[in-house]
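Worksheet: one structure, shown below.
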Amino acid sequence: MEPNCVRRLNALVKRTGAVVVIASAWRSLVRDGIMALDGFRWLLRSHGLAVNVVDITGSDEEEPLRGRQFRPWLGKHPQVDGFVVIDDDTESMDDLAQHVVRTDRACGLSDLVLKRAVEILARPPQAIDLVHGRS
């Protein structure tokens, strides 16, 4: 893990109080039984990530497009009233556009991405339309 990206993600969580849900390919380590979620948390902490990873999204078998894996997770967690998706692959995320910050694969979580993510999380809570795919 790139130390500057780790530092920025730690800063995002510290500034906003956000928790982390893993939607990247890394979630397959837990989903496929290679390690438990607690082991995955330890792995991240061993690289300096001081964030609260609370869950992972569904599997690619359930929904192959990552952008469509967020709504089922949100539907199971109605207490969530704000979120940001930070990803370098924003395919199929058009309906979540106001929650998405796209990263550059070459540099990851940049200062600009951090700034935009903080702005998104600072917005007033809003209802999330899980039926029609809008928020």
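Working carefully through the options Ala18, Ala36, find the one that is aliphatic (A, V, I, L, M) and closer than 19 Å to Gly108 by Cβ. It would help to see each step written out before you state the result.
Details: Ala36 fails: closer than 19 Å to Gly108 by Cβ.
Result of the check over Ala18, Ala36: Ala18.
Quick grid of which residues meet (1) within 21 Å of Gly82 (Cβ to Cβ); (2) more than 15 Å from the chain's Cα centre (by Cα):
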{"residue": "Val6", "(1), (2)": "no, no"}
{"residue": "Leu9", "(1), (2)": "yes, no"}
{"residue": "Val13", "(1), (2)": "yes, no"}
{"residue": "Ala23", "(1), (2)": "yes, no"}
{"residue": "Leu29", "(1), (2)": "no, yes"}
{"residue": "Asp38", "(1), (2)": "no, yes"}
{"residue": "Leu44", "(1), (2)": "no, no"}
{"residue": "Val54", "(1), (2)": "yes, no"}
Show the residue pairs that are 6+ apart or on different chains and have beta-carbon atoms under 6 Å apart, the first residue being within the range 41-53 and closer than 18 Å to Arg15 by Cα, the second being assigned to a loop (DSSP other than H, G, I, E, B). Asn52/Val19
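Taking the residues in the range 98-114 that are part of a helix (DSSP H, G or I) and surrounded by 13 or more Cβ atoms within 10 Å (Cβ to Cβ) as candidates, determine which candidate is nearest to the chain's Cα centre (by Cα). Give the steps one after another, and end with the answer.
Of the residues in the range 98-114, the ones part of a helix (DSSP H, G or I) are 98-99, 111-114.
This time we only want the ones that are surrounded by 13 or more Cβ atoms within 10 Å (Cβ to Cβ), so: 99, 113-114.
Numbers: His99: 10, Val113: 13, Leu114: 13 Å.
Out of the qualifying residues, it is His99.
Does Arg7 meet the test of being farther than 21 Å from Asp88 by Cα and either surrounded by fewer than 17 Cβ atoms within 10 Å (Cβ to Cβ) or touching a residue at least 24 places away in the same chain (Cβ under 8 Å) (or both)? Don't jump to the end; show me each part of the working.
Values: farther than 21 Å from Asp88 by Cα: no; either surrounded by fewer than 17 Cβ atoms within 10 Å (Cβ to Cβ) or touching a residue at least 24 places away in the same chain (Cβ under 8 Å) (or both): yes.
Spelling it out, it is not the case that Arg7 is farther than 21 Å from Asp88 by Cα and either surrounded by fewer than 17 Cβ atoms within 10 Å (Cβ to Cβ) or touching a residue at least 24 places away in the same chain (Cβ under 8 Å) (or both).
Quick check on the range 115-135: of everything there that is hydrophobic (A, V, I, L, M, F, W, C) and not in a helix (DSSP H, G or I), which residue is modelled with the lowest pLDDT?
Kept after step one, since they are hydrophobic (A, V, I, L, M, F, W, C), are these residues of the range 115-135: 117-118, 120-122, 127-128, 130-131.
When the remaining residues are screened for being not in a helix (DSSP H, G or I), the result is 127-128, 130-131.
Working: Ala127: 57, Ile128: 59, Leu130: 56, Val131: 52.
Selected residue: Val131.
Going residue by residue through the range 29-38, is there one that turns out to be more than 26 Å from Glu2 (Cβ to Cβ), out of contact with any Gly (no Cβ under 8 Å at 6 or more places or on another chain) and loosely packed, with under 11 Cβ neighbours inside 10 Å? Break it down stepwise before answering.
First, the residues of the range 29-38 that are more than 26 Å from Glu2 (Cβ to Cβ): 33.
If we keep only those that are out of contact with any Gly (no Cβ under 8 Å at 6 or more places or on another chain) as well, we get 33.
Next, from what is left, pick out any that are loosely packed, with under 11 Cβ neighbours inside 10 Å: 33.
Taking every residue of the range 29-38 in turn, at least one turns out to be more than 26 Å from Glu2 (Cβ to Cβ), out of contact with any Gly (no Cβ under 8 Å at 6 or more places or on another chain) and loosely packed, with under 11 Cβ neighbours inside 10 Å.
Please work out which residue is surrounded by the most Cβ atoms within 10 Å (Cβ to Cβ), limiting yourself to the range 39-61 and to residues that are charged (D, E, K, R) and modelled with pLDDT of 85 or more. Outline the logic, then answer.
Pass one, the range 39-61, residues charged (D, E, K, R): 41, 45, 55, 60-61.
Next, from what is left, pick out any that are modelled with pLDDT of 85 or more: 41, 45, 55.
On the way: Arg41: 19, Arg45: 12, Asp55: 15.
Filtering first and then ranking leaves Arg41.
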Scope the range 60-97; condition in contact with a helix residue (DSSP H, G or I) (Cβ under 8 Å, 6 or more places away or on another chain), within 20 Å of Val19 (Cα to Cα), not aliphatic (A, V, I, L, M) and not in a helix (DSSP H, G or I); matching residues: Gly82, Phe83, Asp87
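The values are calculated or read from the model by the stated rules, or taken from the named source; none is laboratory data. None of the values given here were measured: they were computed from a predicted structure. Glycine also receives a Cβ, built like all others from the backbone with ideal geometry; neighbour counts cover every protein chain displayed.
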